[in-house]
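Q: Would you mind keeping the following structure in view while I ask a few things?
The values are calculated or read from the model by the stated rules, or taken from the named source; none is laboratory data. Owing to the predicted nature of the structure, the values given are computational and were not obtained by experimental measurement. Neighbour counts are summed over all protein chains in view; Cβ atoms, including those assigned to glycine, are modelled from backbone coordinates with ideal geometry. Keep in mind that these areas ignore ligands, DNA and RNA; they rest on the heavy atoms of the full protein, side chains included. Shrake-Rupley method; radii C 1.70, N 1.55, O 1.52, S 1.80 Å.
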Amino acid sequence: AVSAALLAACSTIPMRPRGEWLSARTPRFEIASGLSPRETLALASRLERFHALALAFAELEAPELGVPTRVVLFPHTRNFAALRPRRELRGFFRSTAHANYLAVDAGDPRASLQIAQHELVHLLQLGGDRESEPAWFREGLADLLSTAELAGDEAELGAAPDGHQRLA
């Protein structure tokens, strides 16, 4: 149902001139994207599926947000660079009184999915007692879940996140 709604929304958008953005909505997210309609649909659909997986796997309670969650997919690092709080970041999560924001450097499709999933875990950690957990635990859980590969009703977890060094 989510995919069909996104496909309908995205299919009405004409081929984009360079630099034009599109918007899409899912049951949980408002998305602003500099990606193609196909790429936006794929990422939005994966985030919806990942949301359910993360809640179940980490035994998180869906937070009562009261504000929309906006996902911003930047098509190139140069677009994202002006907003990132630190140079090494490729994504970040911010909660404000008016909205929650997940900003993602989406130039690399595989990495951008992991980044978006990592930042979504931080949003889900707003519920319950999770904010009092140590930063190393919150980041570790976000890293673990960010690697989720979803295939049908199955998920695979535990690969090293892109950009992390592996121990020999």
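Q: Listed residues HIS76, HIS118; which is in contact with an Asp or Glu (Cβ under 7 Å, 6 or more places away or on another chain) and on the phi < 0 side of the Ramachandran plot?
A: HIS118
Q: Can PHE50 be described as more than 13 Å from the chain's Cα centre (by Cα) and within 15 Å of SER146 (Cα to Cα)?
A: No.
Q: Restricting the search to segment 61-99, which residues are in contact with a Lys or Arg (Cβ under 7 Å, 6 or more places away or on another chain) and more than 19 Å from SER45 (Cα to Cα)?
A: Answer for segment 61-99, where residues must be in contact with a Lys or Arg (Cβ under 7 Å, 6 or more places away or on another chain) and more than 19 Å from SER45 (Cα to Cα): PHE92, ALA99.
Q: Separate question: Would you pick out the residues in segment 30-57 that are buried (at least 21 other Cβ atoms within 10 Å of the Cβ) and either basic (Lys, Arg) or modelled with pLDDT of 90 or more (or both)?
A: Across segment 30-57, the qualifying residues are ILE31, SER33, GLY34, LEU35, THR40, LEU41, ALA44.
Q: Also, I was wondering about something else. Which pairs have Cβ atoms under 6 Å, sit 6 or more apart or on different chains, and link a residue in segment 94-105 that is touching a residue at least 24 places away in the same chain (Cβ under 8 Å) to one that is assigned to a strand (DSSP E or B) and surrounded by fewer than 23 Cβ atoms within 10 Å (Cβ to Cβ)?
A: If the second residue must be assigned to a strand (DSSP E or B) and surrounded by fewer than 23 Cβ atoms within 10 Å (Cβ to Cβ), the pairs left are ALA99/ARG70; ASN100/THR69; TYR101/ARG70; TYR101/ARG94; LEU102/PHE93; ALA103/VAL72; ALA103/PHE92.
Q: Residues of segment 97-140 being hydrophobic (A, V, I, L, M, F, W, C) and open to solvent by 20 Å² or more (accessible area, probe 1.4 Å), which ones?
A: ALA97, LEU113, ILE115, LEU126, ALA135, TRP136, PHE137, listed by residue number.
Q: Quick check: is even one residue across segment 11-24 in a loop (DSSP other than H, G, I, E, B), open to solvent by 10 Å² or more (accessible area, probe 1.4 Å), touching a His at 6+ places or on another chain (Cβ under 6 Å) and modelled with pLDDT under 85?
A: no
Q: Going by the structure shown, is ALA148 modelled with pLDDT of 80 or more, closer than 17 Å to PHE50 by Cβ and open to solvent by less than 30 Å² (accessible area, probe 1.4 Å)?
A: yes
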